[in-house]
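Below: one structure, written as structure tokens.
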Amino acid sequence: MLINALNGLVYGSLLFVLASGLVLIYGLRRVVNFSHGALYMLGAYAGYSVAVSFSFPLGVVAAGLALGAIGVLLDVVLFRQLSTRHPLVTVIATFGVLLVIEDLVRSVWGTQNYAIDPPALLSGVVEIGGAPFPVYRLFIVGASAAMAAALAAWLRYSRSGLFVRAASQDPSVAAMCGVRTALIGPMVVGLGAAFAGLSGILAAPFLSLNPAMGSEVLVLSFVVSVIGGLGSFSGAFISAMLLGQVQAFGTVHTPELASLLPFLLMSVVLIFRPQGIAGQKV
Amino acid sequence: MAMISTARPPVAGLSQRFSVLIVLVALAALLFGVERFGSRILVSLLAQAIIVSALAFGVGLLIRVSGLVSFGHAAPFGLGAYGTVYALSGAAPLPPEIGLPLVVMFVTLVFFLIGLVISRLEGVAFSMLTLALGQAAFVAATKFRSLTGGGDGVIIDMPRQLYGVHADVLQSPYGMFVVGVALLTLVYFALSIAECTQLGRLAVAIRENEERVRFLGYRTRVLKAGVFAVSASLAALGGVLFALYQGFVSPEILHWSFSGSALIMAILGGTSALWGPVAGAFAFFFLKDGLADVTTHWLAVLGITLILVTIAWPSGISGAVQFLLARVPALFAKGKGR
Amino acid sequence: MSALFRCVDIGKQYGGLVALQGISLSLEVGRVHGLIGPNGAGKSTFIDVVSGRTPGTGHVYLDDRDITRVPLSERRRMGVSRSFQRTSIFPALTIREQLDIAAHGAGGGHTGELTDMLGLADVLDARAEEVSYGQQRLVDLALALVGNPRVLLLDEPAAGLSVAESQTLAAHLEEVAARWKVAVLLVEHDMDVVFRVCHVLTVLASGRWLVAGPPDEVRSDPAVIGAYFGSAA
């Protein structure tokens, strides 16, 4: 029981880091990033290659930096243009990005599955409540918490974080007040993409790598964002934790329906509270 | 909101009826030409394209009339396909000739009911819910082996003939192409007429200002559900044709990526004309086939095409055609030295 | 004359902010009841609540039947109709088309007389987005008038109209009320229109009922004058 809850916490943490990236991008650019799952996958594969050639920590850094750079590129070339368009236009365009990234991954890494072991320092198990629990999974929770805290602190206490929050609320007014949306944009999207990539590489030793991992996680990340409310971090946190538990307990108790549960939950939320748990009334 | 292009339907008149004639003649010529000159590969491609274009048509219709984007239209498509399996099987109480239209009607009814529930949503929320719906259908088809054969799929018990047409014809590329063209042409004309009626104008009104329509005494929820149901029935028709042609149905057709492809086709073709999504479907198939011959990276090229279309020319193929056609009178006028 | 349309104890709260509290008024056949008050008094909110556009507290009665819970689309068929302060029409449809939709929704009604009266006969085949703002306001009003409603709730119909257009509008409203035997609630800022057309006035200030009575009494009531001019004390 406790182990299930802990597994749920692990899933939830990964989902939250991933979903935070979505929230960052949507909040600032009003782009519904349909390529977010592909970014996650790219981070996992790129990190994997570096980790296997050098070391796992380097792999994590590589994933973060590479995806950050890609995010900046995406913003400058595409998202900036999309930010004034209808949200569904952004979905279509980012769907195109998804296709490009999937092709890239398939070309470079092929279609087979890969597995990666956690670094020696983090392998092994601890005893929790009398049952063994992998250390690496605890690391995932810890790392995610650290990233979330750093993000929250940056947004709350730093000047650039303030600008991001302002621009996310109202881009035109923020621009009038002198916030350089032209600079903030690439930074935020880069960060959002980096979070996706980091979530991917962190998940790699836990969940392994396969060509479908992008689309699987994409749908989940949207479910998390929609349930939480499409621009809210706190909403994403609550719903990621909730979905993590649903996933963990679902696979154990109702394996047939486990994959349906997130959708069921999202449908219920959308029908009774379309703006999500913490979202604003659209 | 130029992407979600929803031009006013034209008023039916003499020139409309004339263009109907032109369309019919052109189609007949097309069918003849394909039969005489089309290579096997071409015809095979056309057959697949016409089937999927029914799905794209449905997705596009929803965008055009309601301004709503569905990511789950593979669900009615798949339901139509699996329904066909049932209607053709020994367990079905009615002969297939009656069963098949009933399948389409059943799917339409189901999605009308679903539409009643979800039509209170708009925009991204609506789209996400349709995504959920589609995935739920996919998972259900994969898990409930007893009903659907699970991930392995199920083979159709094809009768010797249907509606007087031999099964071999239905399952041949050219045969299916003709059947598909005939059915879709009928549907197209029916819908064009519908758009010119009071109902069509009501749909425009709902899209422009739903609140006022409610204050004018209409139950807009029912009307929106109706539009959703019609778009689902088009998808179901595609599903039926798919099942008949392939002789085999498996859960892949319910995956959201298939819904996504249909959406791409609708956008590529553009929704400012009723026929846009169908053109988009054909363009998609030919593009994909052509690209696959040229490069293994056809997926990436497709992705880039999609990005370019959304950024540079959001009204798609039909938008481009309409744009050009509108310029033609001006060209003639210039020629006359005005 | 018994009241056709009664609003009893209407209230509206947004979180902690009380927009309306305990407002009651009645509408009688053939009479125009004006609802006035300084900005922010809650006049539009009142119409929104009693027309069912936004939820609130209190009850609404038509012919002594409680219609508070009746859905929007049914109210029209019962004869309760409203217009909007911010023009709410259908830009891409022609005027003729939208009036036909309105007629059908109201369960019948001839639009010809109406369009003649409002001076829209010449532009019937123009799309609503093509005509002038003043004409669009009239279309908004026409949509509410189609089908001979019994109760008409008008939210600042003269908003954005020129002096001449407002006076013409006022004349139309007089005619509608008297000839068509409609009970009219008129929320309006334009005092020329108000005093020309209204048989009785209710004054709101800060969401509360201030005073009600015949226009002449109300206009000289010190509390009303104070609400409009002197609250800066």
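The values are calculated or read from the model by the stated rules, or taken from the named source; none is laboratory data. In this text, all values refer to a predicted model and were calculated from it rather than measured experimentally. Positions of Cβ are backbone-derived with ideal geometry, glycine not excepted, and every protein chain shown enters the neighbour counts.
Key figures
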{"read-out": "Region C:70-84, subset more than 8 Å from chain B (Cβ to nearest Cβ) and among the aliphatic types (A, V, I, L, M), residue surrounded by the most Cβ atoms within 10 Å (Cβ to Cβ)", "value": "C:Val80"}
{"read-out": "Hey, B:Pro314 farther than 23 Å from B:Gly78 by Cβ and assigned to a loop (DSSP other than H, G, I, E, B) or not", "value": "yes"}
{"read-out": "Sole exception among (1) assigned to a helix (DSSP H, G or I); (2) touching a Leu at 6+ places or on another chain (Cβ under 9 Å); (3) over 22 Å from C:Ser81 (Cα atoms) for C:Ala212, by number", "value": "(1)"}
{"read-out": "Filtered residue count, region A:109-141, keeping only those that are outside any loop (DSSP other than H, G, I, E, B) and either surrounded by 12 or more Cβ atoms within 10 Å (Cβ to Cβ) or touching a residue at least 24 places away in the same chain (Cβ under 8 Å) (or both)", "value": "15"}
{"read-out": "Residues satisfying the stated conditions in region C:40-83, i.e. within 24 Å of C:Gly15 (Cβ to Cβ) and either among the acidic types (Asp, Glu) or assigned to a strand (DSSP E or B) (or both)", "value": "C:Asp48, C:Thr57, C:Gly58, C:His59, C:Val60"}
{"read-out": "Leading residue by the ranking (surrounded by the fewest Cβ atoms within 10 Å (Cβ to Cβ)) among those in region C:93-115 that are assigned to a loop (DSSP other than H, G, I, E, B) and more than 9 Å from chain B (Cβ to nearest Cβ)", "value": "C:Gly108"}
{"read-out": "Test set (1) in contact (Cβ under 8 Å) with a residue 40 or more places away in the chain; (2) under 14 Å from the mean Cα position of the chain (by Cα) - C:Val176 fails condition number", "value": "(1)"}
{"read-out": "Neighbours by Cβ (under 7 Å, 6+ apart or cross-chain): first from region A:209-224, more than 10 Å from chain B (Cβ to nearest Cβ); second of a type in the set (Val, Ile, Thr) and assigned to a loop (DSSP other than H, G, I, E, B)", "value": "A:Pro211/A:Thr111"}
{"read-out": "Flag if A:Leu104 is buried (at least 17 other Cβ atoms within 10 Å of the Cβ), under 19 Å from A:Ser13 (Cβ atoms) and not aromatic (Phe, Trp, Tyr)", "value": "no"}
{"read-out": "Checklist (1) in a helix (DSSP H, G or I); (2) at the interface with chain B (Cβ under 8 Å from one of its Cβ atoms); (3) of a type in the set (Gly, Ala, Ser) applied to C:Ser88, failing item", "value": "(1)"}
{"read-out": "One residue from C:Leu35, C:Leu25, C:Leu4, C:Leu62 being buried (at least 23 other Cβ atoms within 10 Å of the Cβ) and away from chain B (no Cβ under 11 Å)", "value": "C:Leu35"}
{"read-out": "Flag if A:Ala153 is without any contact (Cβ under 8 Å) to a residue 40 or more places away in the chain, aliphatic (A, V, I, L, M) and assigned to a helix (DSSP H, G or I)", "value": "yes"}
{"read-out": "Residue under evaluation B:Leu216, criteria (1) within 14 Å of chain C (Cβ to nearest Cβ); (2) touching a residue at least 60 places away in the same chain (Cβ under 8 Å), criterion not met", "value": "(2)"}
{"read-out": "Residues that are in contact with a strand residue (DSSP E or B) (Cβ under 7 Å, 6 or more places away or on another chain) and either within 7 Å of another protein chain (Cβ to nearest Cβ) or over 17 Å from B:Gln198 (Cβ atoms) (or both), drawn from region C:116-126", "value": "C:Ala126"}
{"read-out": "Leading residue by the ranking (nearest to A:Ala145 (Cα to Cα)) among those in region A:233-246 that are surrounded by fewer than 21 Cβ atoms within 10 Å (Cβ to Cβ) and of a type in the set (S, T, N, Q)", "value": "A:Ser234"}
{"read-out": "B:Gly270 vs. criteria crowded, with 24+ Cβ neighbours inside 10 Å and on the phi > 0 side of the Ramachandran plot", "value": "yes"}
{"read-out": "For A:Val269: the one exception among (1) modelled with pLDDT under 80; (2) at the interface with chain B (Cβ under 10 Å from one of its Cβ atoms)", "value": "(1)"}
{"read-out": "Selected residue (only one of B:Gly149, B:Gly115, B:Gly180 is at pLDDT 90 or above, crowded, with 18+ Cβ neighbours inside 10 Å and more than 14 Å from every other protein chain (Cβ to nearest Cβ))", "value": "B:Gly180"}
